[in-house]
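Accompanying notes for the structure given below.
The values are calculated or read from the model by the stated rules, or taken from the named source; none is laboratory data. What you see is a predicted model; the values in this text were computed from it and never measured. Methodologically, a virtual Cβ is constructed for each residue, glycine included, from the backbone with ideal geometry; neighbour enumeration extends over all protein chains shown. Side chains included, ligands, DNA and RNA excluded: accessible areas come from the protein's heavy atoms. Shrake-Rupley method; radii C 1.70, N 1.55, O 1.52, S 1.80 Å.
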Amino acid sequence: MYQSLQKKLLLQYPLIWNTKFIPMLIFGFFLHLVFFGLGYIDGTIDFSDKNNIQIEVASTFFGLVIVILVFIVWLVFYFKNNALKSFYRKSKYSLFYEFFQILLICTLLVTFYIPFSIGKQFHQASYYSLEETQKRCKTIASADIFIDGNFRQTSIDSLASGLIDSLGNLTEKAKRYERNYNYESSEIVEIVEEVVVDADDNTPIKYKEYIIFNGKKYHEFSLMNRQIYNFSVSERGKDSIIEKEVKNWLYTNDSQTVKKLMNDYLDILNEHRLETNLTLDNWFKIVYKQPDFKDFLYIHPYKNKYEANPRNTSHYYYYDNIDSKYSKYFVQQDVLKEKYDIVSDAHTENYIDYNQLLSFLYLGLAASLLILSFRITSGKSWLISVVVTGVLNILSGVFAAILSEETVYFCCILFFIILFNSYFAVIYFRKESKKFSYIALNTILWGNPFVIPLVYFCIEKYYTRFRYDPRYEGYYPDEYFWFRDNVSNMFWLNYLLVIITVALVAKIIRNWKGITEN
């Protein structure tokens with residue numbers, strides 16, 4: 001059956017027969033199916049222990065070895081016959097069809113990790129539905145207030161003299177930092193504080209030793225100033241609502257609701273067979289110190305003081321120093337948060353990282369262009385082209401290093417690409433002899449995909465350096481941020497344009513093959 005199928009392909013579809021397109025497609029889909037299964041196994045979560053199944057590194061290495069071996073075998077069979085060298089009669093766009101088949105084969109071979117990551121995330125998300133995950137994560141996050149939640153920074157008590165009137169300027173500077181460097185709000189606060197300190201002879205910032213909740217004053221180290229743990233599965237902005245809800249229970253002395261929360265938490269803990277020496281009654285007793293919620297006992301969020309990071313010796317010292325404040329009670333909250341973080345992220349993250357996918361697509365595109373260039377020229381010309389390309393890149397890099405200007409490298413590469421395109425155009429339209437057009441054609445196929453990215457980054461560098469406003473520290477024009485924020489979109493567009501360009505030049509390459517050698 002296989003032989004008859006091969007014979008039929010040879011007689012009716014010689015291009016598909018020559019590229020071994022169907023067998024490679026079947027192998028590619030089988031490879032993806034296998035790695036989806038391996039990823040599913042790797043996504044197994046052991047809620048009762050810190051160590052999950054981890055076969056990602058071994059699977060990736062195994063996949064690379066298999067792909068390289070299959071790739072070599074495929075090239076051996078593919079390069080056995082070359083219709084271009086034999087001047088076999090071909091249709092106008094047959095060369096593009098051949099390239100497209102090569103591109104699909106290469107892309108299937110290099111993207112085996114994507115189904116692995118999808119299978120892993122699919123398994124992690126399958127443990128609980130989104131609604132159940134949100135419910136459990138809310139319980140675990142809320143209970144962190146009664147275990148070992150972080151304390152919030154209190155507000156500034158006093159500012160350095162003479163700076164109150166300048167707070168508007170400080171806020172404006174913080175906004176510029178946020179815009180230019182994507183700082184988080186907490187980092188912006190630190191920047192403002194740093195400016196305040198520097199502006200008043202390093203006068204330290206003083207913070208209040210209390211907080212105000214619903215008009216009532218509480219100590220800075222009371223439960224009322226603790227934070228809940230943040231899971232990605234929580235809706236945007238809902239963490240603060242949940243935290244305020246728990247603190248309202250404390251404020252209104254709603255002890256029954258607090259006990260229910262603790263009981264729900266212990267049910268989850270026992271379900272996963274995690275350890276604690278707490279019971280509902282003694283947990284409530286040692287932390288629920290109404291009305292000030294200050295003199296509570298600190299609970300270890302892990303089984304012992306070294307378990308949080310057993311490989312980091314500096315962490316030992318840290319916990320030794322603060323261990324005196326902890327009680328004898330512990331609960332494996334660290335394990336719960338770690339495991340449910342995985343499930344939470346599996347529900348909220350995209351199954352496909354589009355930037356990662358783009359990298360794999362470009363890897364497949366690069367491999368297919370290298371194979372196509374070898375196919376239409378010769379091994380000798382191909383190797384010479386590799387050497388010429390390498391030398392030109394080194395010279396451009398040296399020139400840019402001498403001038404200490406990164407943009408010079410981009411401009412040099414663009415110049416060489418334009419030069420080779422011009423030379424090939426002259427040879428093609430004169431049709432006298434091919435001369436060195438083999439080398440030019442290879443460099444065109446390899447270099448043209450970089451034209452748009454090179455121009456893009458040159459323009460971005462222009463706005464970075466020449467449109468920078470020295471009146472404002474770290475200020476760049478809006479165009480700079482537009483270019484910076486659309487890098488991935490540019491590469492997606494460039495990928496499509498490269499394929500379209502190959503389709504357009506396929507006829508040119510076919511006609512170029514008919515030019516005499518000398």
*Quick one: go through region 213-231 and flag any residue whose amide nitrogen is under 19 Å from the point 7 Å out along the Cα-to-Cβ line of Q153.*
220-222, 225-230
_Using protein chains only and a probe of 1.4 angstrom, how many square angstrom of W482 are accessible, to the nearest 10?_
150
_Please report the net charge: other residues with Cβ closer than 15 Å to the Cβ of L104, K and R +1, D and E -1._
0
*Taking K and R as +1 and D and E as -1, what net charge do the other residues with C-beta under 12 Å from the C-beta of L75 add up to?*
+3
*So, in nm, how far is label I452 from label R273 when the simple model puts each one 7 Å beyond its Cα toward the Cβ?*
5.5
*Pop a pseudo-label 7 angstrom from the Cα along the beta-carbon direction at both K208 and K507 and give the gap in nm to one decimal.*
7.6
*Accessible-area ranking of D49, D485, largest first, probe 1.4 Å*: D485, D49
*Between the alpha-carbon centers of region 208-275 and region 372-427, tell me the distance in whole angstrom.*
62
*Mind grabbing the accessible area of H219 for me, 1.4 Å probe, Å², rounded to tens?*
70
*asked:* With a 1.4 Å probe and all protein chains kept in place, how much accessible area does C411 have, in Å² rounded to the nearest 10?
replied: 70
*Quote the FRET efficiency, to the nearest 0.05, computed for L363 versus K328 with a Förster distance R0 of 51 Å and r equal to the Cβ-Cβ distance.*
0.40
*Distance in nm between pseudo-label sites at I22 and Y495 (7 Å out along the Cβ direction from Cα)*: 2.9
*Applying 1/(1 + (r/R0)^6) with R0 = 56 Å to the Cβ-Cβ distance of K217 and I352, what FRET efficiency is obtained, to the nearest 0.05?*
0.65
_Sequence-distant residues sharing a close amide H with Y210 (under 5 Å, placed H)_ = E220
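Take the solvent-accessible surface of the protein heavy atoms, probe 1.4 Å, and return the percent of it on region 21-137 that carbon and sulfur atoms account for.
71
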*Top to bottom by accessible area (1.4 Å), largest first, where do S359, S255 land?*
S359, S255
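Using only the Cα atoms of region 416-460, what semi-axes does the equivalent ellipsoid have when each is the square root of 5 times a gyration tensor eigenvalue? Give whole Å, largest first.
Working: eigenvalues 127, 18, 8 Å².
Its equivalent ellipsoid spans semi-axes of 25, 9, 6 Å.
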*Candidate residues E220, E235, E98: accessible-area rank, largest first, probe 1.4 Å*: E235, E220, E98
